[in-house]
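A.B. asks: Encoded as structure tokens, here's the structure I'll be asking about.
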Amino acid sequence: MSEVTRRDWLTALGAAMLSGGISAEAAQHVHQAVAEAKKPAAGAYKPKVFTAHEYKTLQVLADLIIPADEVSKGAVEAGAPEFIDLLCSGNSQLALIYTGGLGWLDRESQKRFDAVFVEAKPDQQRALLDLLAYSKNAKPELAPGINFFNWARRMVVDAFYTSPIGIADVGYKGNKGMAKFEVPVEAIRYALKRSGLG
Amino acid sequence: MAQVRRSAPVYDVVVIGSGAGGGTVVQVLTKLGVNVALLEAGGMLNPAKDFKEHMWPYQVPHRGAGEAAESYFGRKDFGFFSAVNGWWEIEGEPYTTAPGSSFRWFRSRILGGRTNHYGRISLRFADYDFKPYSRDGLGTDWPISYEDVAPYYDKVEEFIGVFGSKEGIRSAPDGIFHTPPPPRAHEVLIQKACAKLNIPCISSRLSVITRPINGRAACHYCGQCGRGCVTASKYSSSQVQILPALKSGKLTIIPNAMARELITNDEGLVTAVSYIDKTTRTEKQIRCRTVVLAASACESARLLLNSKSSRHPNGLANSSGVVGRYLTDTTGYSMSGHIPALVGMLKHDTDGVDGGHVYMPWWLWDKQKEAGFPRGYHIEVGGGYNMPSIGSFNRTIQRHEGYGASLKAKIREEYGTFVSFAGRGEMIPNEHSYCEIDPDVVDQWGIPVLRFHFKWSDYERAQVKHMEQTFTEIIEIMGGTVVTKQKDISVPGEIIHELGTVRMGDDPKTSALNKYCQAHDVKNLFVADAAPFVSNPDKNPTLTICALAWRTAEYLAEELRKGNV
């Protein structure tokens, strides 16, 4: 593979710039764009929409949906609650989905376990989510919770996998640029063999 | 009309619209020393600032979903990271559809128009595409042949740069190509599956350069062409033709200029273009010896239909009554599948060029009876280890219930194991599909808007059925299963290949333009977008727009030199 490192690539772009290929302004843009984002300081985030209790509930829910495992950390570490709070602050319809959904979760937890969601035991939390997550458990009276869970699941997944943690988890190797595009022979051989087409 | 001011200079040519057609006309004319003014209904483009190439989703707090969560509640553009482009709805610029019709009209209001983000697919029409009526008795023959256009395909390919491979397939004539990038792993599988079905699966032909030309750097394979390319390695009329033409000193760009009407004199010739300066909301006029409409097919038709006078009661260049008629869009159908053979493959950088590195040209051009419908389609492919973004894992989370460690493992396993197919086919012009001026509605500047009538026929529906069967077969031969499939043929206008509304022809009674895209009725009026197209073959229109625009611009320059216009 002739995959180039980011440094090589920026050097190549610099050479292109010298030969009149791209403007200095464009090159500057490239440098800025490829710069790693600074990680937000942990624990410093102040929710824009949620109360402290709602936000705590959202954090627990997010880490239940995408927990830390042997490969990577979980949704909270990847910034999912901040992402959801930010988007809710720009969209009142979404904010309603979340405040309503988190409220529903607390009331349902209270009814079943005599404890709000964050104070329920982990196996109780999972038992409640199982009712929402699997169609075999679906009951009409659970509909608001199921709808909310689907929203949370989708957005926690989006947030996690658009973070540096999630991107590394699935193994995305790109956004680096290449001098020449090549595909590892090993990868093609593997796919051909498994497909029976090779 | 007190606010109308006549600006003093008379330009040799006023070009309206800065997309593929307008950009090519500007490039060719300024090179020949002609004084050109370019009206663009949108703003100027600054690629260095406007493009978001190479940004990671986490570099913005909303990750690309939009500050108002647009990704989840319906978008108004192709997304936060996409190049400035346009959409099917533009605030203050409505259009209407007749009862029983659906049509979505995409407009782009920016220097370079849709070329800033388009799919870059650059296919020559086949020889038979110019003579559709002679071939199957449907539609109308073009007044020109492949041989007339071929030298201009050469010029365009050499100038903008197109990669591809020479194949000798009649439905996909070879051009002058840069070296193409090799197929990705899943594309190799698709090629093997297509071989079993006798479907050719060859290198894509995209307007992306793989060696430096004209001061443009070779592609760096980041896979983000749709975001706009800071190195101009992909073609856009803004970066490749218009901004460089400024150096000639022959080009004046007038942005935010919404053309309203063409002004004619007693002899019926165009003397000026009336336009709205959007920044001041005032009407202005710019004087010209000749005018080139390149505002996009339907916008050019609208401008002609709105240029009514006692001498031209049906609108300008419309004594035939064909302006607005023969509107077509490309048919579209897509499907995706999960390919277990790709599970567990070595993760690697598959960015390459944005879009498939391979495609399938129409393969039954000599077996149309076998196909069961007239004309054809080509197939575009998708897949690979794409940059995770909002919605990237929707397919997996829809396929698998649950949450927690098992969901995480499933997403990891299925990442990069889906392939997708999109068919793009030829629609035959029909009497039910056209646009006209809506007598009741105006836009925010008081310009009467278009009303669309549109119907797919059974020809197009049969074609899409064939796509569905073909894609299913390919996925199954790859050992995969169908995951998502489009319910029905695309909504008219959604493939954004609308064209044919100011058609060319030899007979002034049945066409608006002659074979040089010059109006039969108005000799100093030319059209250089997709409006002159007589048919809409299964080849995306942009390369042919550029080739015809180049041909028209050369003819126009010569007519100017001779004093004929």
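The values are calculated or read from the model by the stated rules, or taken from the named source; none is laboratory data. Remember, predicted model here, so these are calculated numbers, not experimental data. Methodologically, a virtual Cβ is constructed for each residue, glycine included, from the backbone with ideal geometry; neighbour enumeration extends over all protein chains shown. What goes into the accessible areas is simple: the full protein's heavy atoms, side chains included, and nothing from ligands, DNA or RNA. Shrake-Rupley method; radii C 1.70, N 1.55, O 1.52, S 1.80 Å.
A.B. asks: Choose one of B:Gln398, B:Ser238, B:Thr544: the residue whose Cα lies farthest towards the positive end of the charge dipole of chain B (beta-carbon charges +1 Lys, Arg; -1 Asp, Glu; about the Cα centre).
C.D. replies: Result: B:Ser238.
A.B. asks: Rounded, prolate or oblate: which fits the range A:91-151 when a ≥ b ≥ c are the square roots of the eigenvalues of the alpha-carbon gyration tensor, with rounded for a/c under 1.5 and prolate only if a/b beats b/c?
C.D. replies: It comes out oblate by the Cα gyration axes.
A.B. asks: Which sequence of B:Ser101, B:Ser334, B:Ser433 reflects their accessible areas, 1.4 Å probe, from the largest down? Mind dumping the intermediate values first?
C.D. replies: Working: B:Ser101 25, B:Ser334 45, B:Ser433 0 Å².
Highest to lowest solvent-accessible surface, that is B:Ser334, B:Ser101, B:Ser433.
A.B. asks: For the protein assembly as shown, give the magnitude of the charge dipole about the Cα centre (Cβ charges: +1 Lys/Arg, -1 Asp/Glu; no others), in debye to the nearest 20. It would help to have the intermediate numbers written out before the result.
C.D. replies: Numbers: 86 positive and 82 negative charges, 165 e Å.
Around 800 debye, computed over the protein assembly as shown.
A.B. asks: Sort B:Asp438, B:Asp366 by accessible area with a 1.4 Å probe, largest first.
C.D. replies: Values: B:Asp438 15, B:Asp366 90 Å².
Greatest to least solvent exposure: B:Asp366, B:Asp438.
A.B. asks: While we're on this one: Of the listed pairs A:Lys111/A:Lys139; B:Lys166/B:Lys196; A:Lys173/B:Lys196, which have alpha-carbon separations greater than 25 Å here? Provide the component values of the computation, followed by the final result.
C.D. replies: On the way: A:Lys111/A:Lys139 16 Å; B:Lys166/B:Lys196 21 Å; A:Lys173/B:Lys196 32 Å.
Where the Cα-Cα span goes over 25 Å, the pairs concerned are A:Lys173/B:Lys196.
A.B. asks: Tell me, what is the 1.4 Å probe accessible area of B:Trp362, in Å² to the nearest 10?
C.D. replies: Approximately 10 Å² of B:Trp362 is accessible to the 1.4 Å probe.
A.B. asks: Kirkwood Rh, Cα Rg: Rg to Rh for the protein assembly as shown? Spell out each step's value before the answer.
C.D. replies: On the way: Rg = 27.5 Å, Rh = 27.8 Å.
Computed over Cα atoms, the ratio is 0.99.
A.B. asks: How much solvent-accessible surface does B:Trp88 expose, in Å² to the nearest 10, with a 1.4 Å probe and all protein chains in place?
C.D. replies: Ignoring ligands and nucleic acids, B:Trp88 comes out at about 20 Å².
A.B. asks: With +1 on each Lys and Arg Cβ and -1 on each Asp and Glu Cβ, and nothing else charged, work out how big the dipole of the range A:52-162 is about its Cα centre, in Debye to the nearest 20. Spell out each step's value before the answer.
C.D. replies: On the way: 11 positive and 15 negative charges, 76 e Å.
Roughly 360 debye for the range A:52-162.
A.B. asks: Can you give me the angle between helix B:20-31 and the longest principal axis of chain B, using Cα atoms only, in degrees from 0 to 90, rounded to the nearest 10?
C.D. replies: 60 degrees
A.B. asks: Taking the Cα centre of chain B as origin, work out the dipole magnitude from +1 charges on Lys and Arg Cβ and -1 charges on Asp and Glu Cβ, in debye rounded to 20.
C.D. replies: Dipole about the Cα centre, nearest 20: 960 debye.
A.B. asks: If the viscosity is 0.692 mPa s and the temperature 37 °C, what Stokes-Einstein diffusion coefficient in µm²/s follows for the range B:130-169 when Rh is the Kirkwood radius over Cα pairs?
C.D. replies: Translational diffusion coefficient: 270 µm²/s.
A.B. asks: Still on this structure: Ordering A:Leu96, B:Leu346, B:Leu543 by accessible area with a probe of 1.4 Å, largest first, what comes out? Please list the in-between numbers first.
C.D. replies: Details: A:Leu96 125, B:Leu346 75, B:Leu543 0 Å².
The ordering from most to least exposed comes out as A:Leu96, B:Leu346, B:Leu543.
A.B. asks: Let me ask you something else. Between B:Ser165 and A:Asn147, what is the label-to-label distance in nm when each label sits 7 Å out along the Cα-to-Cβ direction?
C.D. replies: 5.2 nm
A.B. asks: Name every cysteine in chain B that ends up alone, with no second cysteine's Cβ under 4.7 Å, or say none.
C.D. replies: When partners are defined as cysteine Cβ atoms under 4.7 Å apart, chain B leaves B:Cys219, B:Cys222, B:Cys225, B:Cys229, B:Cys288, B:Cys298, B:Cys435, B:Cys517, B:Cys546 without one.
A.B. asks: With n ≥ 4 as the cut-off for DSSP H runs, can you work out [θ] at 222 nm for chain B, using -39500 (n - 2.57) per run divided by the number of residues, rounded to the nearest 500?
C.D. replies: On the way: 12 runs with 122 residues, N = 565.
Dividing the helical sum by the residues of chain B leaves -6500 deg cm²/dmol.
A.B. asks: How big is the range B:215-288 along each principal axis, measuring the range of its Cα positions in Å and listing the largest first?
C.D. replies: The principal-axis extents, from largest down, are 55, 26, 20 Å.
A.B. asks: Something else about it: Which of B:Pro132, B:Pro374, B:Leu111 sits closest to the plus end of the dipole of chain B, meaning its Cα is farthest towards the positive end, when Lys and Arg get +1 and Asp and Glu get -1 on the C-beta?
C.D. replies: The residue sitting most towards the positive pole is B:Leu111.
A.B. asks: To the nearest 0.05, how large is the calculated FRET efficiency for B:Glu67 and B:Asp507 if R₀ is 60 Å and r is the Cβ-Cβ distance?
C.D. replies: Working: r = 55 Å, r/R0 = 0.91.
In this case the efficiency is close to 0.65.
A.B. asks: Using only alpha carbon pairs under 8 Å that are at least six residues apart, calculate the relative contact order of the range A:52-162 and give it in whole percent. Provide the component values of the computation, followed by the final result.
C.D. replies: Details: 99 pairs, mean separation 35.9, N = 111.
Contact order relative to length: 32 percent.
A.B. asks: For an R0 of 25 angstrom, estimate the FRET efficiency from the Cβ-Cβ distance between B:Lys562 and B:Asp266 and round to the nearest 0.05. Walk me through the intermediate numbers first.
C.D. replies: Numbers: r = 23 Å, r/R0 = 0.93.
The value I calculate is 0.60.
A.B. asks: Okay, next question. So how much accessible area does B:Ile379 have, in Å² to the nearest 10, using a 1.4 Å probe?
C.D. replies: B:Ile379 has an accessible surface of roughly 0 Å² with all protein chains in place.
A.B. asks: Now a separate question. Once the Cβ-Cβ distance between A:Val71 and A:Glu186 is put in as r, and R0 is 25 Å, what FRET efficiency do you end up with, to the nearest 0.05? Before the final figure, lay out the partial values.
C.D. replies: Numbers: r = 22 Å, r/R0 = 0.87.
Once rounded, the FRET efficiency stands at 0.70.
A.B. asks: Test of understanding: express the Cα radius of gyration of the range B:70-144 as a ratio to 2.2 N^0.38 Å, with N the residue count.
C.D. replies: Values: Rg = 17.9 Å, N = 75, 2.2 N^0.38 = 11.3 Å.
Compactness ratio reported: 1.57.
A.B. asks: Let me ask something else. Under the rule that an exposed site lies in a DSSP loop and has at most 10 other Cβ atoms within 10 Å, name the longest stretch of chain B with no GluC sites (Glu not before Pro) of that kind, not counting the sites themselves. Kindly include the intermediate steps, with their values, before the conclusion.
C.D. replies: Working: sites that count: B:Glu91, B:Glu267, B:Glu431.
The longest such stretch corresponds to B:92-266.
A.B. asks: Compute the projected area of the convex hull of the Cα atoms of the range A:54-173, averaged over all viewing directions, and report it in nm² to one decimal place. Can you show the working numbers first?
C.D. replies: On the way: hull surface 31.2 nm².
For the range A:54-173, averaging the hull's shadow over all directions gives 7.8 nm².
A.B. asks: Straight-line reach from B:Lys509: which lysines fall under 27 Å, measuring Cα to Cα and dropping same-chain residues less than 8 apart?
C.D. replies: B:Lys131, B:Lys308, B:Lys455, B:Lys523
A.B. asks: Can I get the semi-axes of chain B's equivalent ellipsoid? Compute them from the C-alpha gyration tensor as square roots of 5 times the eigenvalues, in angstrom, largest first. Don't jump to the answer; show the numbers that get you there.
C.D. replies: Numbers: eigenvalues 304, 136, 106 Å².
Sorted largest first and rounded, they come to 39, 26, 23 Å.
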